[in-house]
Amino acid sequence: PGLELREVGSAVIDKFYKDRSVKNESGELAPNEFVLLRAREDAKKTAMGRCDPADTSIIRALNPEPAPWGIRPINKEQRCAMELLLDDNVKLITLIGTAGTGKTLISLACGLQKAVDDNIYKRLIICRSVVPVGRDIGFLPGTKEEKLSTWMGAIYDNLEIIMDKRHQEDSMQKFEYLLQNEKIEIASVSHIRGRS
């Protein structure tokens, strides 16, 4: 879902903040589509909501701003993505954006929150496609983990940022602990074929 801009009266935004929801008066919204309400009288007066998946005639206020593993959203798009990533009722989320927009970072932070802190899931499996330039990964010497470390540089960099936020003193030991206890698993897409 995208982020639709709606010009509304200032009183609508006041009602939205008071009641935590407002009627979807104009236009069709998809379930879970996000809406930015902006007051006609004052462009700085805004509110963000999400179309209720059970009743698309209602726009609900977002949950309190999340900070999974110390990672906070820095813009509206990241805020929307985190809202969906932390919602157990949404089973599949696809994030599209240019490099450096935080897709991997917030996905990992939300995944760690659900798998490690909330114990909603048994483990977090991090996959990345391995597109070789030259010889395939299978020809490289070493274990699967040693082979993947070259390809998963961006994943490891993001995990290091998250671990440093959460565990300043012993971040790498905590990361190794999560790997050894199978709370985090890192694999290439070719290694997960056939797994449920």
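Quick notes on this one:
- Percent of alpha-carbon pairs separated by more than 27 Å within the range 1-140: 33 percent
- Take every Cα pair under 8 Å whose residues are at least 6 apart in sequence, average their separation, divide by the length of the range 50-98, and the relative contact order is 20 percent.
- Percentage of interatomic Cα-Cα distances in the range 1-46 larger than 16 Å: 36 percent
- The Rg/Rh ratio of the range 1-78, with Rg taken over Cα atoms and Rh as the Kirkwood radius over Cα pairs, comes to 0.97.
- Dipole magnitude (debye, nearest 20) for the range 1-128, charges at Cβ of Lys, Arg, Asp, Glu: 380 debye
The numbers here are math on the coordinates, done by the rules we state, and not lab data. Predicted, not measured: the structure shown is a model, and the values here were computed from it. Ideal geometry is used to build each Cβ from the backbone, glycine not excepted, and the neighbour counts take in all protein chains shown.
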